[in-house]
1. Being more than 20 Å from ALA22 (Cβ to Cβ) and among the charged types (D, E, K, R), is that true of even one residue in region 48-61?
2. Working only within region 208-249, note down all residues that are open to solvent by less than 30 Å² (accessible area, probe 1.4 Å) and either in contact with a Cys (Cβ under 8 Å, 6 or more places away or on another chain) or over 21 Å from ILE89 (Cα atoms) (or both).
3. Anything in region 47-60 that is free of Cβ contacts under 8 Å to residues at least 60 places away in the same chain and surrounded by 12 or more Cβ atoms within 10 Å (Cβ to Cβ)? List them, or say none.
4. Hey, among the residues in region 93-135 that are aromatic (Phe, Trp, Tyr) and crowded, with 23+ Cβ neighbours inside 10 Å, which one's nearest to SER254 (Cα to Cα)?
5. List every residue pair whose Cβ atoms sit under 7 Å apart, with the two residues 6 or more apart in sequence or on different chains, where the first one lies in region 262-281 and is at pLDDT below 80 and the second, anywhere, is aliphatic (A, V, I, L, M).
6. In this structure, does TYR193 turn out to be in contact with a helix residue (DSSP H, G or I) (Cβ under 6 Å, 6 or more places away or on another chain), hydroxyl-bearing (Ser, Thr, Tyr) and closer than 19 Å to VAL111 by Cα?
7. Given the residues VAL76, VAL26, VAL111, which is the only one that is among the β-branched types (Val, Ile, Thr), touching a His at 6+ places or on another chain (Cβ under 8 Å) and in contact (Cβ under 8 Å) with a residue 24 or more places away in the chain?
8. Can you find, within region 241-268, the residue that is farthest from ILE192 (Cα to Cα) among those that are among the β-branched types (Val, Ile, Thr) and more than 18 Å from the chain's Cα centre (by Cα)?
Amino acid sequence: VGSGAFGVVRIAHKKLPSGEEALFAVKEFRKKPSESEKKYSRRLTNEFCISSSLRHLNIIDTLDLLRDAKDEYCEVMEYCAGGDLYSLIITAGKLEYSEADCFFKQLLRGVHYMHEMGVAHRDLKPENLLLTSNGTLKITDFGNAECFKAAWEEEISYTGGICGSSPYIAPEEFTTEEFDARAVDIWACGVIYMAMRSGRQLWKVANTDDEFFNIYLSKRKDAKGYEPIEALKRARCRNVVYSILDPIPERRISSIQILNSEWVREIHVCCAGDSYHRENR
């Protein structure tokens, strides 16, 4: 059902005692070139430990890590029949307000939960957002995820290095040795929302070598604003998107601030995407 540089995902069938058949997604890992067996094992274990510890409606349910008949590592996850958000955007061209807003609020709920648990994803993009058949959004692929704060720690640890897919990488990753990984995730959420609403990427890469990113930096200071964001029409929405896509990470809005904004509080989430919050009130 999908493949990447270091793994392929297949569908597995399992007969239940009731006689019904259950479907699971099985990710078969591949070793990176020149990666030692020890590093390979550590990488997979790290991904599994992070993903399997997260329990939220908007995060993929990771069930097991095992070796198959070929002695390859496999990660067993819940199966999402709706495909990924990237495919939906490509098929639809762009999403309407109600649909994009619903997915965005679900994404932010998942991201906020991760950050509360001390985990940053560091590779958020439409390809890593899966959809169930009834419209629940699930964050997946924790191969680049990092723990920035343990349960017993009060201060967060800063991270470094460029990580993720070019259009979604935050600008500070190119200019700063250490930064807050939470702000990196928030930036990616903003780029994802604009991809849903416009059906295209705003820039190839968020640094000053990219002419389209330079246009954004210039226009966001202009009284007329940046056209793709101005086209969103609703002022409450525009203001939040500008705050999410603030090139200065210290000024960038946080997940809880986004969720508490007037715009996001008024977003109606579909029944499938809101079941967790109805059950936990």
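The values are calculated or read from the model by the stated rules, or taken from the named source; none is laboratory data. Since we're looking at a predicted model, the values are computed, not measured. Backbone-built Cβ (ideal geometry, glycine too); neighbour counts: all protein chains shown. Heads up: the accessible areas ignore ligands, DNA and RNA and are worked out on the full protein's heavy atoms, side chains in. Shrake-Rupley method; radii C 1.70, N 1.55, O 1.52, S 1.80 Å.
1. no
2. The initial filter retains those residues of region 208-249 that are open to solvent by less than 30 Å² (accessible area, probe 1.4 Å), namely 210, 213, 216, 225-226, 228-229, 232, 237, 240-241, 244-246.
Selection gives ASP210, PHE213, TYR216, GLY225, TYR226, VAL240, ILE244, ASP246.
3. Matches in region 47-60: PHE48, CYS49, SER52.
4. So the residue we want is PHE104.
5. From region 262-281, the pairs are SER275/LEU57; TYR276/LEU57.
6. Taking the combined requirement at face value, the residue satisfies it.
7. Every option except VAL111 fails the conditions.
8. ILE248
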